[in-house]
Amino acid sequence: MNFGFTEEQDLLRAEVRKFLDARSPLEEVRKTMESDAGYAPGLWKELAELGWLGLTIPEAHGGAGLGWVDLVVLLEETGRTLFPSPLVSTTLAAAAILDNGTDEQKARWLPSLADGSRIGTLALLESQDVLAPSGIALLGKPDGDAFVLTGTKSFVADAGAANLFVVAFRTGPGAEDLALGILDGGAPGVSATSHPTMDQTKRTGTLTLANARLPKSAVLLGADGRGAPGRAWPAIARLFDRGAIATTGEMIGAAEGALALTVQYAKDRIQFGNPIGKYQGVKHPLAEMYVDIESTKSLLYYAAWALDESPAEVPRSASLAKAYASDAFARIGIDGVQLHGAVGYTAEYDIQLYLKRSKWARPTFGDADFHYERVATLGGL
Amino acid sequence: MDFKFSPEEEAFRDEVRAFLATNLPPGTNKNDFAFLAEWNRKVREKRWVGFSWPKEVGGGGGGIVEQVILKEEMSKAHAPPLGACFMGLAWVGPSIVQYGTDAQKQRFIPDILDGKYQWCTGYSEPGVGSDLASLQCKGVRDGDFYVVNGQKIWTSIAMWSKWMILLVRTDFNTESKHDGITCLLVEMSTPGVDVRPIKNMSGTSMFAEVFFNDVRVPVENRLGAEGQGWQVTVSALASERSSIAEVTAMFRKLEELKELAEKTRRNGAPAAKDARVRRQLSVFEAKIEAMRLNGLRYLTKQLKGEPLSSETSVNKLHRADLEVEMGDFALELLGNAHQYLRGTDEAVDGGRWASGALNWPEVVIGGGTPNIQKNIIAERILHLPKD
C-alpha cells in the first residue's frame with residue numbers, strides 16, 4: 001500500500017517547477033498569450049529536449065516511456081503557471097496512436113510527436129458539442145485507398161498550432177459505424193484555425209475539411225480491417241477519459257496557483273487594522289479551496305494510476321475526478337477574484353487569468369453534469 | 001503508487017474474513033445480549049480490541065495497515081464494534097497508555113479492553129466549547145486530593161458511565177491558558193458529582209450536564225503531571241483519526257439512499273431517474289471516494305514515518321457535510337412521508353430516516369465544529385494570521 005509519489009516523480013516535479021519558474025513566469029505567459037502562435041516555439045523545443053513532450057511515449061518510439069501518474073505530475077506544474085502550449089493536445093494525440101495504432105503507425109508518427117517536430121491534437125467534437133456517438137456526424141466516403149471527408153470538427157484544442165489531427169468520423173449511419181484516423185495538417189483540403197478565446201492561454205478552434213483525403217493506412221480503428229466494427233467508440237471514450245484526466249491535472253495545478261496568489265494577498269492586504277486573512281470571512285473560503293484541491297488530487301491520482309494499472313476502474317475514477325474538479329475549480333476561480341476585491345477584476349492582476357482558466361477547463365472533456373450522470377449510470381442508477 | 005497489500009497483509013485480511021464467516025453468520029441478531037457477550041469475548045481473545053495498543057498493556061500490537069484492514073472488513077460485514085467501551089478505546093485508553101503510571105495502566109486498561117464499564121469525557125463547559133483551553137472548572141490541591149468545583153456540559157453518556165476523563169484548571173495565573181490545565185480520572189459515584197441528562201432534538205438523551213460540588217479526587221488519579229492536561233488531551237484526540245471504517249459506513253448509507261431513490265417518486269417518475277437526484281447522489285459518491293483516497297494518502301504518510309497533522313481536518317469537513325446533507329436528502333426523497341416517525345404504514349422504513357436526519361450534530365459538532373476545522377486548515381496549513 002503506497003498512495004504517494006516516488007522519488008523520481010518528486011524529482012520530476014521539482015525539475016519542471018524550476019524550469020517553468022525560470023523560463024515561463026507569468027510575465028512571460030502574458031507575452032506568449034498575446035502572440036499569434038499562442039505558444040513559445042523556443043520553449044517547445046526545450047520541452048522536447050527535456051523529454052517532457054514524449055513523457056508517456058515508449059522509449060522505442062523516442063519517448064521517455066513513463067506512465068500517466070508521471071504525466072499528472074508534469075501537468076500539475078504546467079497548470080500552476082498557466083503555461084501556454086499544445087503539450088496536452090500532443091500527448092493525447094500520441095495516446096490515440098499508442099492505444100490503437102499498428103506498430104507501423106506508431107513508428108510513423110510517435111517519434112515526431114516526442115521530438116516536437118509535429119504538434120498533434122484531437123478532433124473529436126462537432127458543433128453540437130456532444131460527447132456521444134450521435135455527436136459525430138462527419139462522414140468519410142470510401143474512395144479507393146482513402147476516405148474523403150468534408151465538414152468541420154469543432155472545439156479542437158490548439159487547432160492553429162497543430163499539424164497532426166486525430167479525427168473521429170463516421171463510415172455509415174449506425175451507432176457503431178465510427179472510425180478514428182490521422183489527418184496531416186498539410187494535406188490538401190485540410191485547414192485549421194484557432195479563434196480568439198476567453199482564456200488566452202488555451203487556444204481552441206475549428207478544423208475545416210473540404211474533400212480531404214484520409215488514407216486507409218492512416219485509419220487507427222474502425223474501418224477496413226483496422227479493428228472490428230464498434231471498436232472505435234470505446235477507443236474514443238477512452239480518449240475522453242485520458243483527456244479528462246490530463247485536463248484535471250492542469251486544473252489542480254491552476255487551482256493551487258490561484259490559492260497561493262489569494263493566500264498571499266490575504267496576508268498582505270490590511271483592512272480595519274489587520275491583514276484580511278485574519279478574518280474568518282476570508283479564511284474560511286481559503287480553507288475550503290484547500291479541502292477541494294486536496295480531495296481532487298486524491299481522486300485524480302487514483303484515476304491516473306488506474307489508467308496505468310487498472311483499466312476497468314478508469315471510467316468511474318476519471319469521471320469522479322473531472323466532475324469534482326469542474327465544480328471546485330469554478331468556485332475557486334470566482335472566490336479567488338472576489339477575495340482580491342476590486343483589484344482582482346483588473347487586467348493587471350494575475351488572479352483573473354486563473355478565473356478564465358477555470359471557465360475553459362469546466363466543459364473541456366465533460367463538465368460536472370456530464371461526469372456525475374456517468375457516475376450515476378455506472379453505479380447502477 | 002501501489003494499492004496492493006503485501007501477502008502477509010492479505011493473509012491477515014483472510015483471517016479476519018474467516019473469523020467473520022464463523023462468528024457472524026448471515027441472519028445473526030446483533031442486538032442479542034448473549035451473542036454480544038460472546039462476540040466481545042472472542043474479539044478480545046483475538047486481541048482485536050485495542051488492536052494497535054502495545055502488547056504489554058494487553059493490546060494487539062498491530063500495525064497501521066492491519067488496523068485499516070481490520071476496520072474495513074468489520075465495517076463491510078456490519079459487525080458489532082470491537083470492544084464495548086467506546087470512549088475508553090477511542091481516547092481514554094490511548095492517553096493512559098501514553099501518560100499513565102504503571103498503577104493506572106494496571107487498574108484501567110484491562111477493564112477498558114474487556115468493556116467492563118463506560119467512560120465519559122468532561123471537556124466542554126457552558127461557556128467553553130470550541131475554545132476548550134479557556135475552561136474554568138476548578139481543581140484545588142488539598143493534601144492527597146484535588147477538590148473539584150464547577151460544571152461540564154454536552155457530556156455524552158455521562159449517565160451510563162462509571163468513570164470520567166476530566167479537564168480542570170489547577171492554575172489560574174499561567175501566562176498561557178493552556179498551561180494551567182490538569183487531567184483527572186474521576187469515578188462518577190464520588191460524592192458531589194451530579195449528572196442531569198439533556199433531552200436533544202430527536203427526543204432522546206445522549207448527553208448530560210455534570211455538576212461538581214466539592215468532589216474529592218485522589219491525586220493518584222491524576223493523568224500526567226499537574227498542568228500537563230492540555231498535552232494529554234491533544235495527543236488523545238490525535239489518536240482518533242483513521243476514517244476507513246466511517247468511509248465504509250458512508251458507502252453503505254449511499255447505497256441505502258440509492259434504494260430509497262428507486263422506490264420514491266419525483267415529478268411523476270421514479271426519483272432515481274430525476275437528473276438532480278442522480279447528480280446529488282453522485283456528488284455524495286465523489287465526496288466519500290475522496291475521503292477514502294485522502295485516508296489512503298494519509299496512511300501512506302504515516303507508513304513513511306511522517307506524523308499527520310492538520311490535514312486530517314479535510315476529511316472531518318467532508319464527513320460533517322455528508323452527515324448533514326445525506327440525512328437531509330433522504331427527507332427530500334421521502335417528501336411528505338418523512339414526517340411520520342412510527343405508528344403508521346406510511347412511515348417509510350419505520351421512520352428511521354427522520355430520526356437519522358436529526359442526529360447529525362453528534363458527528364458534526366462533537367470533536368470540533370466545521371468552522372473550527374476551517375480555522376485549523378487556514379492557520380496551520382495556509383499560515384494565515386491567527387484570529
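The values are calculated or read from the model by the stated rules, or taken from the named source; none is laboratory data. Computed from a prediction, not measured in an experiment: that's the story for all the values here. Cβ coordinates were reconstructed from backbone atoms using ideal geometry, including for glycine residues, and neighbour counts include every protein chain displayed.
Of the helices (runs of 4 or more DSSP H) lying entirely inside region A:26-131, not one carries at least 3 residues that are in the same structural domain as A:SER319 (by TED's automatic domain parsing) and among the hydroxyl-bearing types (Ser, Thr, Tyr). Evaluate region B:274-297: report whether one residue or more is of a type in the set (Gly, Ala, Ser), surrounded by fewer than 16 Cβ atoms within 10 Å (Cβ to Cβ) and either over 21 Å from B:ILE377 (Cβ atoms) or facing chain A (nearest Cβ under 10 Å) (or both). Yes, region B:274-297 has at least one match.
Under the condition of being part of a loop (DSSP other than H, G, I, E, B), among the charged types (D, E, K, R) and more than 14 Å from every other protein chain (Cβ to nearest Cβ), the residues counted in region A:333-381 number 3. Of all the listed residues (B:ASP328, B:ASP321), the sole one being of a type in the set (Asp, Glu) and closer than 21 Å to A:MET289 by Cβ is B:ASP321.
Which members of region B:1-15 meet the condition of being in contact with a Phe, Trp or Tyr (Cβ under 8 Å, 6 or more places away or on another chain) and either farther than 30 Å from A:PHE5 by Cβ or at pLDDT 95 or above (or both)? B:ARG13 - this is the single residue of region B:1-15 that is in contact with a Phe, Trp or Tyr (Cβ under 8 Å, 6 or more places away or on another chain) and either farther than 30 Å from A:PHE5 by Cβ or at pLDDT 95 or above (or both). Close Cβ contacts (under 7 Å, 6 or more residues apart or on different chains) running from residues in region A:256-283 that are assigned by TED's automatic domain parsing to the domain that holds A:ILE334 and more than 22 Å from B:PRO370 (Cα to Cα) to residues that are among the polar types (S, T, N, Q) and outside any helix (DSSP H, G or I) comprise A:GLY257/A:THR81. Scoring A:PRO58 on the criteria (1) surrounded by fewer than 24 Cβ atoms within 10 Å (Cβ to Cβ); (2) within 11 Å of the chain's Cα centre (by Cα) leaves a single failure, condition (2).
Restricting region A:298-323 to residues that are at the interface with chain B (Cβ under 8 Å from one of its Cβ atoms) and within 16 Å of the chain's Cα centre (by Cα), which is nearest to A:ALA246 (Cα to Cα)? In this case the residue turns out to be A:TYR301.
Every residue, every condition in (1) in contact with a helix residue (DSSP H, G or I) (Cβ under 7 Å, 6 or more places away or on another chain); (2) crowded, with 19+ Cβ neighbours inside 10 Å; (3) farther than 30 Å from A:LEU261 by Cα, yes or no:
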{"position": "B:ASP349", "(1), (2), (3)": "no, no, yes"}
{"position": "B:ARG352", "(1), (2), (3)": "no, no, yes"}
{"position": "B:ALA357", "(1), (2), (3)": "yes, yes, yes"}
{"position": "B:GLU362", "(1), (2), (3)": "no, no, yes"}
{"position": "B:ILE365", "(1), (2), (3)": "no, no, yes"}
{"position": "B:ASN375", "(1), (2), (3)": "yes, yes, no"}
{"position": "B:GLU379", "(1), (2), (3)": "no, no, no"}
{"position": "B:LYS386", "(1), (2), (3)": "yes, no, no"}
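Conditions tested, residue by residue: (1) at pLDDT 95 or above; (2) assigned to a strand (DSSP E or B).
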| residue | (1), (2) |
| --- | --- |
| A:THR197 | no, no |
| A:GLN200 | yes, no |
| A:LEU214 | yes, yes |
| A:ARG226 | no, no |
| A:ALA235 | no, no |
| A:ALA258 | yes, no |
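Quick one: is A:VAL282 out of contact with any His (no Cβ under 8 Å at 6 or more places or on another chain), at pLDDT 95 or above and in a helix (DSSP H, G or I)? The answer is yes for A:VAL282. Selection over region B:356-376 of residues that are modelled with pLDDT under 80 and of a type in the set (D, E, K, R) gives a count of 1.
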